[in-house]
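Engineer: Sharing a structure here in structure tokens format.
The values are calculated or read from the model by the stated rules, or taken from the named source; none is laboratory data. Since this is a predicted model, take the numbers as computed values, not measurements. Positions of Cβ are backbone-derived with ideal geometry, glycine not excepted, and every protein chain shown enters the neighbour counts.
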Amino acid sequence: MTTVDEPLLASDEPSFGVLRRMFSLERPGTIVAALVVLAFVVVAVLAPTIAPYDPLKQSYLKINTYPSADHWLGTDQFGRDVLSRLLFGARNSLIFGLLAPGIAAIVGTVLGVCAGYFGGVVDRIVSRIIDLLLSFPELLLAIMISAALDGGFWNVLLVLSIAFVPGFARVARATTLAVRQEPYIEASISVGLRTRTVILRHVVPNMASPVVVLATLWVASAIRLEASLSFLGLGTRPPAPSWGNIIRDALGNVFGSPWPIIGAGLAITIVVLSINVLGDALRDALDPDMP
Amino acid sequence: MSGAALHATSGAPLLQVEGLTVAFGRGDAAVTAIEDVSFAVGTGEAVGLVGESGSGKSVTSLSILRLLAPSATIRGGRILFAGRDLVTVPRSEMPDLRGRDVAMIFQEPMSSLNPLMTVGDQIGEAIALHEQVSPQAREARVLELLGGVGIPDAAQRRRAYPHQFSGGMRQRVMIAMALACRPRLLIADEPTTALDVTIQAQVLELMRDIRERTGTAILLISHDLGVIAEMCETVVVMYSGRVVETGRVADVFRDALHPYTRGLLASIPRLDGESRRLHQIPGNVPAPGARPRGCAFAPRCPVKVARCEAERPALTPLAPGRGAACFVAGSEAA
Amino acid sequence: MSPSAPFLLRAEGIGKVFGGSRGLPFVAASARVRAVDGVSFAMQPGETLAVVGESGCGKSTLARLLLRLIEPSEGRVHFDGQDLEALSQEALRQFRRHAQMVFQDPFGSLSPRRTVFQTLAEPLQTFGLAQPGKALREQVADLMRQVGLPASVMDRYPRQFSGGQRQRIGIARAIATGPRLIVADEPVSALDVSIQAQIVNLLQDLQERNGFSCLFIAHDLAVVRHIADRVMVMYLGRVVEIGPRRAVYEAPHHPYTQALLSAVPRPDPGAARRRIVLGGDVPSPSRIPPGCAFHTRCPLARDICRQERPALREMPGGQQAACHFAGPNPIPV
């Protein structure tokens with residue numbers, strides 16, 4: 001028997017230092033963005049507790065008032081508290097921002113991995129569907145379908161999830177194709193693993209990082225698109241609050257009280273920007289070689 | 001002690017490397033890649049630089065033409081080429097030297113050739129860079145060079161692009177390009193490692209033939225002791241960034257002084273003699289950042305003494321034209 | 001599987017053609033590449049058969065055909081008397097327990113996100129050979145000791161190991177299920193000379209102890225000479241010579257084998273020998289010459305070689321060679 005006490009290589013780096021790399025000191029912006037996103041999540045979760053008023057409660061005595069000690073962002077044309085509507089609107093955005101990309105990522109990954117791993121006919125069918133869906137701009141698609149389905153939060157959610165699927169499927173397929181060529185995949189087949197195990201244990205963990213990054217960036221897009229559709233009257237149905245319809249409702253009185261528009265507009269901008277900054281940091285941390 | 005003192009070549013050497021030290025990175029994170037490397041190549045001589053991965057043989061060859069990555073710095077030593085120290089030559093003058101006096105060929109010729117230019121134009125460009133000749137004369141040289149490296153139907157093939165050639169043919173094109181300006185030294189960094197054995201035999205024969213015809217000196221970098229034995233007169237053995245042994249090929253291969261060279265020669269699978277169990281050197285080559293304090297080979301050495309782990313042995317002349325960096329070999333020879 | 005089959009592995013006229021589709025709407029046509037062409041041989045239990053040849057000779061494709069990692073275009077493979085083609089999906093998986101593979105690339109063949117323990121436990125688990133709980137760690141530790149690695153490093157990731165150490169892990173994975181055949185695809189060609197010797201010796205020791213057969217694929221004839229009982233030389237997908245090691249190395253009967261042996265650089269400076277240098281390049285497998293595939297480079301080629309494909313014939317030396325002019329050292333030096 002060969003006994004060789006070889007000294008091991010001296011690399012003892014932690015296996016998954018992704019978080020550490022994301023928040024390294026060279027990028028203070030990442031920390032700020034993370035705090036903003038954290039605050040957004042906390043606000044959305046705690047909205048019923050921290051909101052000073054019922055977001056739906058109308059008061060004809062206080063229509064279109066300016067910010068005051070009672071109503072920090074003033075009231076809208078139905079006398080509803082804008083701050084409370086904004087806080088509840090964050091819930092809407094959070095649910096939408098997590099669900100739409102989440103559903104799309106799962107469906108897209110399943111399609112993409114199957115296409116990339118099995119190839120052949122499966123790949124041809126999936127690829128043609130991807131091409132077809134990708135040829136529609138997602139906002140137009142969402143408008144078309146939600147107009148046909150008569151809008152509403154859940155319909156828009158469904159539509160955008162479908163609209164996001166091809167993006168995920170395409171990335172998942174491309175990375176799966178690359179991972180499929182790795183010798184360790186052939187090795188795990190030759191060891192005798194079942195196809196299901198090979199895919200779940202060896203393919204998916206090694207193709208997941210671009211999909212995760214894409215999902216992060218789509219969270220921001222989903223929040224933006226939900227706001228846009230609600231603004232157009234196709235998303236969240238009034239009187240339920242959404243950042244988009246807060247702006248829509250305040251549009252008639254833009255010269256009277258601009259505060260609802262400023263508040264909701266800033267909320268959208270800051271949250272979307274922060275999520276994008278986090279997504280970029282995550283991408284760089286997961287793949288330091290990408291430009 | 002200079003590298004030249006160890007060689008039996010007549011006259012002043014064409015290339016003399018003395019105490020060359022190269023490090024990667026800066027400050028505390030700097031890692032020494034090669035340390036105190038000395039050897040010489042005489043006019044028309046073929047010298048083999050042999051070592052395993054991580055031995056520093058490629059870093060050594062790249063420093064000669066100052067082709068090292070920007071993160072590398074030459075920390076010390078001299079590289080004398082025809083009496084001139086290449087370490088101190090201004091960066092702007094290096095391109096002039098490359099190709100004209102010293103030419104280099106690499107392991108993977110595809111990455112060294114421009115995929116969008118015909119091979120004939122690339123060789124012509126190499127000539128035009130260093131010499132003022134008429135287009136007609138240049139074209140004649142291109143065809144002569146292509147014919148000289150054994151490319152059949154040169155007039156036709158000069159118009160082909162690199163991807164239309166096989167690996168062996170591309171290496172021939174690289175050699176033709178390297179020879180375009182009749183360099184005095186050809187540095188070949190693992191020129192046949194990517195090639196199949198029958199194609200390797202063709203390229204090695206071509207290099208031997210060119211040396212005979214033109215008298216170009218060759219510095220051949222290889223991990224393959226068989227290639228070195230067939231091509232070179234002198235061999236420089238490197239281990240973990242240092243020269244551990246140097247001498248005439250015939251002497252070193254017959255009776256190596258350094259225990260690493262001995263182990264390496266014994267571990268080569270052979271086509272002749274007893275098909276016995278292979279000799280193995282235990283352990284691994286230390287990573288450049290984790291070299292031991294004393295002799296880098298000490299942890300794997302079968303004959304080490306206490307001194308080997310405390311002190312680094314210097315390359316010492318032990319016989320005419322031979323040297324080894326080993327305390328044990330040194331005391332045996334004395 | 002029945003234990004008393006005379007051969008462990010038998011290939012009958014096995015072949016593989018890649019590509020060759022005519023093209024469909026939106027699908028490009030591709031050239032036909034005949035990677036392996038009518039290869040037949042048999043392996044005894046416990047024997048080491050080396051397959052040698054240059055790049056493009058089909059040796060790696062042959063390995064994958066034998067293990068049914070790819071489907072053959074023609075021919076049959078019998079393992080322990082069973083036709084692999086007849087096996088169901090699950091029976092094929094059970095076959096893998098008895099026939100494992102070691103790969104060329106020690107860096108790529110281990111899953112980067114799995115520890116050594118996870119990698120080595122996997123084959124045991126998938127075939128129900130794993131003992132429950134802590135005992136599994138002891139099983140893995142034993143595998144690591146068998147390949148000369150300390151068990152203390154089993155929770156590390158592959159990138160923390162050197163090339164030689166990773167190849168040991170790859171070998172440990174292959175022997176985990178106690179296979180009767182190991183196909184080693186260029187297991188040492190990515191390693192340094194001194195490490196190469198360690199791995200070759202390790203494979204030999206394990207084979208002596210565990211008694212598996214080994215199909216050893218290599219381009220390095222010198223390494224093969226130290227490990228093989230029999231040698232099979234391939235050129236452009238075909239077997240040109242096969243026979244006992246001593247016969248093939250001492251008196252090659254095919255001109256290609258002779259030239260291949262002659263081309264290997266030897267570490268004997270000054271040794272007088274005449275080298276046979278073959279001209280030209282290996283033709284592309286998509287355009288295999290008619291007749292004998294080697295005739296474009298063969299110094300002995302005549303008209304018959306261009307027209308008629310030579311079959312493998314028994315030679316007095318004990319080997320078989322596929323050459324119209326086969327004989328001991330056929331190329332005069």
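Engineer: Scan the range A:253-260 and give yes if some residue there is within 23 Å of A:Pro67 (Cα to Cα), modelled with pLDDT of 80 or more and in a helix (DSSP H, G or I), otherwise no.
Structural biologist: yes
Engineer: Also, I was wondering about something else. Filter the range C:241-275 down to the residues that are within 8 Å of chain B (Cβ to nearest Cβ) and part of a loop (DSSP other than H, G, I, E, B), then identify the one that is modelled with the lowest pLDDT.
Structural biologist: Restricting to residues being within 8 Å of chain B (Cβ to nearest Cβ) and part of a loop (DSSP other than H, G, I, E, B), the top hit is C:Gly270.
Engineer: Any idea how many residues of the range B:232-262 are crowded, with 19+ Cβ neighbours inside 10 Å, at the interface with another protein chain (Cβ under 8 Å from one of its Cβ atoms) and aliphatic (A, V, I, L, M)?
Structural biologist: 1
Engineer: Let me ask you something else. From the list C:Gly148, C:Gly178, C:Gly108, pick out the single residue that is at the interface with another protein chain (Cβ under 9 Å from one of its Cβ atoms) and at positive phi.
Structural biologist: Just a single option satisfies the conditions, and that option is C:Gly148.
Engineer: If you scan the range B:19-54, which residues turn out to be of a type in the set (Asp, Glu) and not in a loop (DSSP other than H, G, I, E, B)?
Structural biologist: B:Asp28, B:Glu35, B:Asp36
Engineer: Applying the selection to the range B:214-237, what residues are touching a residue at least 40 places away in the same chain (Cβ under 8 Å) and over 21 Å from B:Ile268 (Cβ atoms)?
Structural biologist: Across the range B:214-237, the qualifying residues are B:Gly215, B:Thr216, B:Ala217, B:Ile218, B:Leu219.
Here is a yes/no grid of residues against (1) surrounded by fewer than 20 Cβ atoms within 10 Å (Cβ to Cβ); (2) at pLDDT 90 or above:
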site	(1), (2)
B:Ala137	yes, yes
B:Tyr161	yes, yes
B:Gln164	yes, no
B:Val173	no, yes
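Engineer: Take the residues of the range A:183-210 that are buried (at least 19 other Cβ atoms within 10 Å of the Cβ) and not in a helix (DSSP H, G or I): which is farthest from the other protein chains (Cβ to nearest Cβ)?
Structural biologist: If we take residues in the range A:183-210 being buried (at least 19 other Cβ atoms within 10 Å of the Cβ) and not in a helix (DSSP H, G or I), then A:Leu193 is farthest from the other protein chains (Cβ to nearest Cβ).
Engineer: Out of all the residues in the range B:263-283, is one or more away from chain C (no Cβ under 11 Å) and under 30 Å from C:Gly148 (Cα atoms)?
Structural biologist: No; the residues of the range B:263-283 include none that is away from chain C (no Cβ under 11 Å) and under 30 Å from C:Gly148 (Cα atoms).
Engineer: Within the range A:161-168, can one find any residue that is surrounded by fewer than 20 Cβ atoms within 10 Å (Cβ to Cβ) and assigned to a helix (DSSP H, G or I)? Spell out how you get there, then give the answer.
Structural biologist: Our first condition is that a residue be surrounded by fewer than 20 Cβ atoms within 10 Å (Cβ to Cβ); within the range A:161-168, this holds for A:162.
Now narrow it down to the ones that are assigned to a helix (DSSP H, G or I): A:162.
Within the range A:161-168 (the criterion being surrounded by fewer than 20 Cβ atoms within 10 Å (Cβ to Cβ) and assigned to a helix (DSSP H, G or I)), the answer is yes, since at least one residue qualifies.
Engineer: Taking the range C:209-229, which residues are assigned to a helix (DSSP H, G or I), farther than 16 Å from B:Gln280 by Cβ and within 14 Å of chain B (Cβ to nearest Cβ)? Talk me through it step by step, then tell me what you get.
Structural biologist: First pass over the range C:209-229, keeping only residues assigned to a helix (DSSP H, G or I): C:209-210, C:221-227.
Applying the additional criterion that residues be farther than 16 Å from B:Gln280 by Cβ yields C:209-210, C:221, C:224-225.
Those that are assigned to a helix (DSSP H, G or I), farther than 16 Å from B:Gln280 by Cβ and within 14 Å of chain B (Cβ to nearest Cβ): C:Leu221, C:Val224, C:Arg225.
Engineer: Can C:Gln167 be described as within 11 Å of chain A (Cβ to nearest Cβ), among the polar types (S, T, N, Q) and either under 20 Å from C:Arg209 (Cα atoms) or out of contact with any helix residue (DSSP H, G or I) (no Cβ under 6 Å at 6 or more places or on another chain) (or both)?
Structural biologist: The answer is no for C:Gln167.
Engineer: Tell me, which residue of the range B:196-226 that is surrounded by 17 or more Cβ atoms within 10 Å (Cβ to Cβ) and β-branched (Val, Ile, Thr) is farthest from the other protein chains (Cβ to nearest Cβ)?
Structural biologist: B:Thr216
Engineer: Next question. Tell me the residue from A:Leu56, A:Leu61, A:Leu94, A:Leu98 that is surrounded by fewer than 17 Cβ atoms within 10 Å (Cβ to Cβ), within 30 Å of A:Leu133 (Cα to Cα), touching a residue at least 12 places away in the same chain (Cβ under 8 Å) and out of contact with any strand residue (DSSP E or B) (no Cβ under 8 Å at 6 or more places or on another chain), please.
Structural biologist: Among A:Leu56, A:Leu61, A:Leu94, A:Leu98, only A:Leu98 is surrounded by fewer than 17 Cβ atoms within 10 Å (Cβ to Cβ), within 30 Å of A:Leu133 (Cα to Cα), touching a residue at least 12 places away in the same chain (Cβ under 8 Å) and out of contact with any strand residue (DSSP E or B) (no Cβ under 8 Å at 6 or more places or on another chain).
Engineer: Still on this structure: Any residue in the range C:91-100 that is more than 21 Å from C:Asp185 (Cα to Cα) and either of a type in the set (A, V, I, L, M) or within 7 Å of chain A (Cβ to nearest Cβ) (or both)?
Structural biologist: Yes, the conditions are met somewhere in the range C:91-100.
Engineer: A further question on this structure: Tally time: how many residues in the range B:68-99 are assigned to a loop (DSSP other than H, G, I, E, B), surrounded by 15 or more Cβ atoms within 10 Å (Cβ to Cβ) and at pLDDT 85 or above?
Structural biologist: The total comes to 5.
Engineer: Would you say C:Gly38 is touching a residue at least 60 places away in the same chain (Cβ under 8 Å), surrounded by fewer than 19 Cβ atoms within 10 Å (Cβ to Cβ) and in a strand (DSSP E or B)? If you could, list the steps in order and put the result at the bottom.
Structural biologist: On the way: touching a residue at least 60 places away in the same chain (Cβ under 8 Å): yes; surrounded by fewer than 19 Cβ atoms within 10 Å (Cβ to Cβ): yes; in a strand (DSSP E or B): yes.
Answer is yes for this residue.
Engineer: Okay, next question. Got a number for residues in the range C:181-194 being surrounded by 24 or more Cβ atoms within 10 Å (Cβ to Cβ), of a type outside the set (Gly, Ala, Ser) and facing chain B (nearest Cβ under 7 Å)?
Structural biologist: 0
Engineer: A:Ile106 - would you say it is at pLDDT 90 or above and either within 25 Å of the chain's Cα centre (by Cα) or surrounded by fewer than 22 Cβ atoms within 10 Å (Cβ to Cβ) (or both)? So that I can check it myself, show each step before the final result.
Structural biologist: Numbers: at pLDDT 90 or above: yes; either within 25 Å of the chain's Cα centre (by Cα) or surrounded by fewer than 22 Cβ atoms within 10 Å (Cβ to Cβ) (or both): yes.
Here the answer is yes, as A:Ile106 does meet what is asked.
Conditions (1) touching a residue at least 40 places away in the same chain (Cβ under 8 Å); (2) assigned to a loop (DSSP other than H, G, I, E, B); (3) of a type in the set (S, T, N, Q), marked per residue:
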{"residue": "C:Asp142", "(1), (2), (3)": "no, no, no"}
{"residue": "C:Arg145", "(1), (2), (3)": "no, no, no"}
{"residue": "C:Leu149", "(1), (2), (3)": "no, yes, no"}
{"residue": "C:Ala174", "(1), (2), (3)": "yes, no, no"}
{"residue": "C:Val188", "(1), (2), (3)": "no, yes, no"}
{"residue": "C:Ser194", "(1), (2), (3)": "no, no, yes"}
{"residue": "C:Val200", "(1), (2), (3)": "no, no, no"}
{"residue": "C:Leu206", "(1), (2), (3)": "yes, no, no"}
